[in-house]
Structures are given as C-alpha cells and as structure tokens.
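**Student:** Have a look at this one.
The values are calculated or read from the model by the stated rules, or taken from the named source; none is laboratory data. What you see is a predicted model, and the numbers here were worked out from it, not measured in a lab. Cβ placement follows ideal geometry from the backbone for every residue including glycine, while neighbour counts extend to all protein chains displayed.
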C-alpha cells in the first residue's frame, strides 16, 4: 500500500492507472506520427504544444475511467464488468473531449489524429486490461502472508486478502494464538496440494514461517498480554521479514478503523487525531470560499426548486432540524424539504429507509441530485459546519448511539461537514449498524485529517453525485 493524500492505495492499482495514462499518451503520439510523419509530428508535438494536448487527453481518460469505477476493487476482480465499464468510459471521454474542443478549439489535436488515436487507445486499453486481469490473479505474483491470530480481526483480514487480489497479498497460513495441543490445523483455500497451510503453535512460529515461505507476518491477536512472541517477531524482522500490526493494516486496506479491535492506547498515541492551527484556518477559509461560490452558482436553481416543492406538497419549502455539532453543541441544520409535512407526526424521529413512502417525488429527485443540501451552505457560512467532516446526526439518535457504539463521541471533536469520508465510502445510514460502520470511516478521517484527504473526499463526492449513490 502507498499513502497518498493521507489515504492508502494498492500499488497495483496505482501502477494500472499510471500505465494506462502512458498507453493513452503513446497511442496519440503514434497517431500523430502516422498522420503527419516523423518530421511533421516532431513539429506538432514540440512547436504546436501537441505534448500538452496529449497530456490533457491522458488526464481526461484516467479521470473518466476513475469515475466509472474502473479502479475499484469490485470492478478489477470482474473481467466482464470491467470491459463493459471501459466501453462506457471510452464513450464518455469521446463526448467530453468533443465538448471541450467545441468550447475551446485551440486544445484540439486534429480530427484525423484524434480518430486514429482513439482507435489505438481502444485496442491497447482492452488488451492491457485483459492482461492485467490475468496477471493480477496469479497467486505466485503475490507476497506470501502468515496471520498470527485466530480471532475476528484475523478473519476479516483474510477475507479482504481473498476478495482483493490487487493488494498483491496471499494468505498462506494462520498461526493460532493458543499454544501446544490447542492449535488445530486448518487449511487455507487456494494452497496447492503438498503446501497445506494451517495453524501452528506460537512456540513454533519461526518454523511455521519457514514452512509457509512467508515474506510477511500480520499480528492480528485479540488479547496480546503474555501471548505475543515479541522476541521471535523481532528476530524475524531483523532477518528481513515484514511484521505488520493487524489493526493498522486493516485501516490501510479498508479506509476505516475497526473500533472493536483497537486499543484505547492505539488511538491515544497514534500520530494522527491532531488538527494544527494552519489546517483549521485552511478548512475555514476554504469552507467560506466554496460556500459563497456555491450559493452564487446555485442561485438560478433556487426559484425552480421553490416552485417544485411548493406545487407538489403542502408545507414549508425550507426544513429546519436539530443536529449535533462540534463538542456536542446542537444547531439548526437547514435543508429543502423532501418529505411530507407530517412525516414523523405518528412515529417520532426514525431512520430513512429504502423507498421511504414519506419522501415526495420531487424530494426523491432533490435527494438523488443532492440539491436538498444547498441550504446547508448557509450553515457552513455561519460556522456550524464545514465542507468536509463527519455528517451531523440528530440529538435523538446521538443519545442512543453513544451508549451502543464505543468511541462514538469522538466524531464530535471536529466540525461536521456537508460531505465526508464516510459519505463517499459507505451508503446512507438507515440503522444503528449503519451508524456504527460510518463511525469507522469517520474515525479514519479524524485520524488522518489533512488538506489532501479533504481534496480526495471532494473529488469522490463529485462521483457520488454524478451516479446518485447513497441517497434516500
């Protein structure tokens, strides 16, 4: 895993994105040579800013492929779906570039060059994606991992490794925390006959690592007191074996903190969970600038939204609701009304559900397009909220959740946001279990707060809005 923008990305996924950007550049450079010849291509690329035009095309390709989830683990593991998404992305890039060339003709590389380049890109990307899919699934190309521990965290890590081959990690063995006769052999799926992996006693740790030919070991023990073989692990680390903490590795792989398996000291002494004055000043300045810009840009939409709500349902257009903000201070959060006026008259505060009958037809559209949240820009200007942060929750739900979910109040140590890491990584919260899962993402954000992570969240929010994901 490589850390960029205070988030973690698989090396293979980054390699795929960079290699595809290079393929696009080479394809259009070859198209320029094919159309203009070597001398003409040299003049076009060097004197007519052709290299910069090709760079712009490459960026457009990679961005569109990203927005079509072509670098998502679920798509990378499904060859058929990846090819379908790649075809869709190619069409989107073609339409986008035509629009850009119409608006700003100097960016155009040339119609015939563009046509030849697009054909070359189609062939090269389809071929490269198929080859990458095959290589990515070859077990021998992955690092061999042994997991020390037999609890829930160890099971979660093994499931992630098996479901995401782009991580380049392969579990070849499990070593139980128990000792002696308590450790019973358990086979690991995917191991060749004759190399059956199993659980060994921690006393046999060194021998087991040699037997599995492991290149790294992950410590995923629940209770480590008196059980962690520190001397053996340190000796193997000095000999070149990589030793990872299971909680840290799970955080890097999933982008969330598994609160059930972390220790209070891990949170207390972790290098994150600290917002400098410079970072807070940047967040406030950026929030004010973007909220003012957003209110100005959406001003032409407001009369139409007002009429649509007013003509289709009874009640006020603006909806005001109590939410819990930083340090547990309650504030009024403003939204365009998307439910019936008497939505909670009989039930009281309840979670929104799939196909919720309380939501009006206009409200469903406003929610899917995130237009109902435009008034929250006023909350940002007032300082109740910022652009990126944990989503503010209702006081009634907070009172119940803080008693059920450990570390829940940590999300109130920062100012809530209109969008956030949990919003772009998880679905809409419609139950206490969903709130627990979103807290895991919120804690990752709090622990890794930075300008880079805010930019990444903002970039992914655009994708969520374009595909109308996570709305109810």
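**Student:** Could you list, in sequence order, all residues of segment 415-437 that are touching a helix residue (DSSP H, G or I) at 6+ places or on another chain (Cβ under 6 Å), in a loop (DSSP other than H, G, I, E, B) and at pLDDT below 90?
**Tutor:** Once the filter is applied, which keeps residues that are touching a helix residue (DSSP H, G or I) at 6+ places or on another chain (Cβ under 6 Å), in a loop (DSSP other than H, G, I, E, B) and at pLDDT below 90, segment 415-437 yields 426, 429.
**Student:** Could you list, in sequence order, the residues of segment 204-228 that are assigned to a loop (DSSP other than H, G, I, E, B) and either without any contact (Cβ under 8 Å) to a residue 12 or more places away in the chain or under 23 Å from residue 260 (Cα atoms) (or both)?
**Tutor:** 220, 221, 222, 223, 224, 225, 226, 227, 228 - these are the residues of segment 204-228 that are assigned to a loop (DSSP other than H, G, I, E, B) and either without any contact (Cβ under 8 Å) to a residue 12 or more places away in the chain or under 23 Å from residue 260 (Cα atoms) (or both).
**Student:** Tell me which of these residue 240 doesn't satisfy, since it passes every other one: (1) assigned to a loop (DSSP other than H, G, I, E, B); (2) surrounded by 13 or more Cβ atoms within 10 Å (Cβ to Cβ); (3) modelled with pLDDT of 85 or more.
**Tutor:** Exception for residue 240: condition (2).
**Student:** With respect to residue 424, is the statement that it is buried (at least 19 other Cβ atoms within 10 Å of the Cβ), in contact with a strand residue (DSSP E or B) (Cβ under 9 Å, 6 or more places away or on another chain) and closer than 26 Å to residue 318 by Cα true?
**Tutor:** It is false that residue 424 is buried (at least 19 other Cβ atoms within 10 Å of the Cβ), in contact with a strand residue (DSSP E or B) (Cβ under 9 Å, 6 or more places away or on another chain) and closer than 26 Å to residue 318 by Cα.
**Student:** How many of the residues making up segment 40-59 are touching a residue at least 12 places away in the same chain (Cβ under 8 Å) and over 39 Å from the mean Cα position of the chain (by Cα)?
**Tutor:** 2
**Student:** Take residue 448 and tell me if it is within 17 Å of the chain's Cα centre (by Cα) and in contact (Cβ under 8 Å) with a residue 24 or more places away in the chain.
**Tutor:** yes
**Student:** Condition (residue is touching a strand residue (DSSP E or B) at 6+ places or on another chain (Cβ under 6 Å) and modelled with pLDDT of 90 or more) applied to segment 226-235: is it met by at least one residue?
**Tutor:** Within segment 226-235, not a single residue is touching a strand residue (DSSP E or B) at 6+ places or on another chain (Cβ under 6 Å) and modelled with pLDDT of 90 or more.
**Student:** Condition first: surrounded by 12 or more Cβ atoms within 10 Å (Cβ to Cβ), over 29 Å from the mean Cα position of the chain (by Cα) and part of a loop (DSSP other than H, G, I, E, B). Now tell me which residues in segment 304-336 satisfy that.
**Tutor:** Selection gives 313, 315, 317.
**Student:** Going by the structure shown, is residue 97 in a loop (DSSP other than H, G, I, E, B) and either without any contact (Cβ under 8 Å) to a residue 12 or more places away in the chain or in the same structural domain as residue 30 (by TED's automatic domain parsing) (or both)? Walk me through how you get there before you give the answer.
**Tutor:** Details: in a loop (DSSP other than H, G, I, E, B): no; either without any contact (Cβ under 8 Å) to a residue 12 or more places away in the chain or in the same structural domain as residue 30 (by TED's automatic domain parsing) (or both): yes.
Here the answer is no, as residue 97 does not meet what is asked.
**Student:** Now a separate question. Please go through segment 249-303 and pick out each residue that is modelled with pLDDT under 90, closer than 25 Å to residue 455 by Cβ and not in a helix (DSSP H, G or I).
**Tutor:** Result: 257, 270, 271, 272, 273, 274, 275, 276.
**Student:** Based on what the data block shows, is residue 170 surrounded by 12 or more Cβ atoms within 10 Å (Cβ to Cβ), more than 17 Å from residue 213 (Cα to Cα) and modelled with pLDDT of 90 or more?
**Tutor:** no
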